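Everything below concerns the one structure shown next.
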Amino acid sequence: MKYPSYLNLSKKELNQKEEKLFEILENCETCPRKCQVNRLKDEKGFCQLGYLPMVSTCHPHFGEETPLVGKYGSGTIFFTSCNLACVYCQNYEISQLRIGQEIFFERLTEMMVELQSMGCHNINLVTPASQVPAIIRSLSLAIERGLKLPLVYNSNAYDSVEVLKMLDGIIDIYMPDLKYSDNKIALKYSNASKYFETMKAAIKEMYRQVGDLIIDDKGIVIKGLLVRHLVLPNNLAGTKEIVKFLAEEISKNTFLNIMDQYWPTWKVFQYPELSRRITKREFQEAINEAKKVGLKRLYKK
């Protein structure tokens, strides 16, 4: 078997996946919102994206988890726009103000190859859900140009299971951010309906494809599921139910990064309950909940 996984696919198999994904754009259901606009004709739905990929920045990133970064960085492509609308988003200029540039598929291909030439350990696709068709078309071109780095699907976990199934055999590393366990809270702060059920279904499909995280003897991620969870003030993220889900329905060996870097920004000052940093006690309580349910691989910087 070749590594990364997409090198085991024939050109025909990859083209078939690409064709199916672009068919979805005609009545867009690339994410759970299912806006059903014709993005092939540049009609815009919630994400305000059209036919071509849209990117904000592209560079080696050294701020990710250590197993992703290694010595030379994670080759990160920050896609513009997002299918959530988090009122506290620290990258709101990219995700909601949509600062970025529409590019041709060939340019996205070049970005992937350039990151590899810089020595990056992987291609880190940030907020990919709405741009999967473009990613796969560009990947196909990149393989012809010698790309051989694993892909990281770095998402908010508000993903379509149907689209994820098409990525089976393409993505080696899934890195979802599990945001909420309460649908009312998800709707209020991220404009996302049925988030918890949608997220759980997506995580199950990701895990089915890649399993527990595998790290090589040099400390670099090879394959698997790496889960993030951002602790919010006043337990608004619902950590207890999230870690219970991971332990009982995914794996107690799930590699979990419980994050303490919440920072009040963007629109949070309209929401007093979100307008402060979390306390050390709140963060420790989140860690304790994960340990209580038996999760064994908690990330430490």
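The values are calculated or read from the model by the stated rules, or taken from the named source; none is laboratory data. Keep in mind that this is a model prediction, so the values were computed, not measured. So basically every Cβ, Gly included, is an ideal-geometry build from the backbone, and we count neighbours across all protein chains shown.
See the values below:
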| quantity | calculated |
| --- | --- |
| Filtered residue count, the range 128-159, keeping only those that are part of a loop (DSSP other than H, G, I, E, B), over 18 Å from F104 (Cα atoms) and touching a Phe, Trp or Tyr at 6+ places or on another chain (Cβ under 7 Å) | 1 |
| Residue in the range 255-300 that is surrounded by the most Cβ atoms within 10 Å (Cβ to Cβ), counting only those that are hydroxyl-bearing (S, T, Y) and in contact with a Phe, Trp or Tyr (Cβ under 8 Å, 6 or more places away or on another chain) | Y262 |
| Within the range 244-254, considering residues that are assigned to a helix (DSSP H, G or I) and under 18 Å from the mean Cα position of the chain (by Cα), the one surrounded by the most Cβ atoms within 10 Å (Cβ to Cβ) | L246 |
| Tally of residues being more than 22 Å from Q116 (Cβ to Cβ) and assigned to a loop (DSSP other than H, G, I, E, B) across the range 1-29 | 4 |
| Count of residues meeting criterion [within 13 Å of T76 (Cα to Cα) and surrounded by fewer than 19 Cβ atoms within 10 Å (Cβ to Cβ)] in the range 118-143 | 2 |
| Near pairs, Cβ below 7 angstrom, 6+ apart or cross-chain, from the range 1-26 (at negative phi) to any residue that is modelled with pLDDT of 95 or more and of a type in the set (D, E, K, R) | P4/K148; P4/D172; S5/D172; L7/K148; N8/K2; E18/R137; L25/R39 |
| Tabulated pairs, the range 284-296, first of a type outside the set (G, A, S), second exposed (fewer than 14 other Cβ atoms within 10 Å of the Cβ), C-beta under 6 angstrom, 6+ apart or interchain | L295/K252; K296/K252 |
| Helices (runs of 4 or more DSSP H) completely within the range 52-127 that count 3 or more residues being under 17 Å from the mean Cα position of the chain (by Cα) | 66-69, 92-95 |
| Total residues in the range 144-156, condition closer than 16 Å to K2 by Cα and surrounded by fewer than 24 Cβ atoms within 10 Å (Cβ to Cβ) | 6 |
| Every residue from the range 30-42 that is closer than 17 Å to I103 by Cα and either part of a loop (DSSP other than H, G, I, E, B) or in contact with a Lys or Arg (Cβ under 8 Å, 6 or more places away or on another chain) (or both) | D42 |
| Among residues of the range 162-200, those that are over 18 Å from E13 (Cβ atoms), touching a residue at least 40 places away in the same chain (Cβ under 8 Å), outside any strand (DSSP E or B) and among the aliphatic types (A, V, I, L, M), counted | 4 |
| Test: residue in the range 1-15 that is under 20 Å from the mean Cα position of the chain (by Cα) and among the basic types (K, R) | no |
| Close pairs (9 angstrom Cβ cut-off, 6 or more residues apart or separate chains): at pLDDT 95 or above in the range 209-230, basic (K, R) and assigned to a strand (DSSP E or B) anywhere | V210/K223; G211/K223; D212/R297; L213/K223; L213/R297; I214/K223 |
| Output for the range 255-301, where each listed residue is hydrophobic (A, V, I, L, M, F, W, C), at pLDDT 95 or above and part of a helix (DSSP H, G or I) | V268, L274, F283, A286, I287, A290 |
| Residue within the range 35-52 that is under 25 Å from G146 (Cα atoms), in contact with a strand residue (DSSP E or B) (Cβ under 8 Å, 6 or more places away or on another chain) and crowded, with 21+ Cβ neighbours inside 10 Å present | no |
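Each row is one residue, and each column tells you yes or no for (1) under 26 Å from A202 (Cβ atoms); (2) in contact with a Pro (Cβ under 6 Å, 6 or more places away or on another chain).
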| site | (1), (2) |
| --- | --- |
| G73 | no, yes |
| C89 | yes, no |
| Y92 | yes, no |
| E106 | no, no |
| T127 | yes, no |
| S155 | yes, yes |
| V163 | yes, no |
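Let's see how each residue does on (1) surrounded by fewer than 18 Cβ atoms within 10 Å (Cβ to Cβ); (2) in contact with a Cys (Cβ under 9 Å, 6 or more places away or on another chain); (3) under 25 Å from T198 (Cα atoms):
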residue: E13; (1), (2), (3): yes, no, no
residue: C31; (1), (2), (3): no, yes, yes
residue: F78; (1), (2), (3): no, yes, yes
residue: L84; (1), (2), (3): no, no, yes
residue: Y92; (1), (2), (3): no, yes, yes
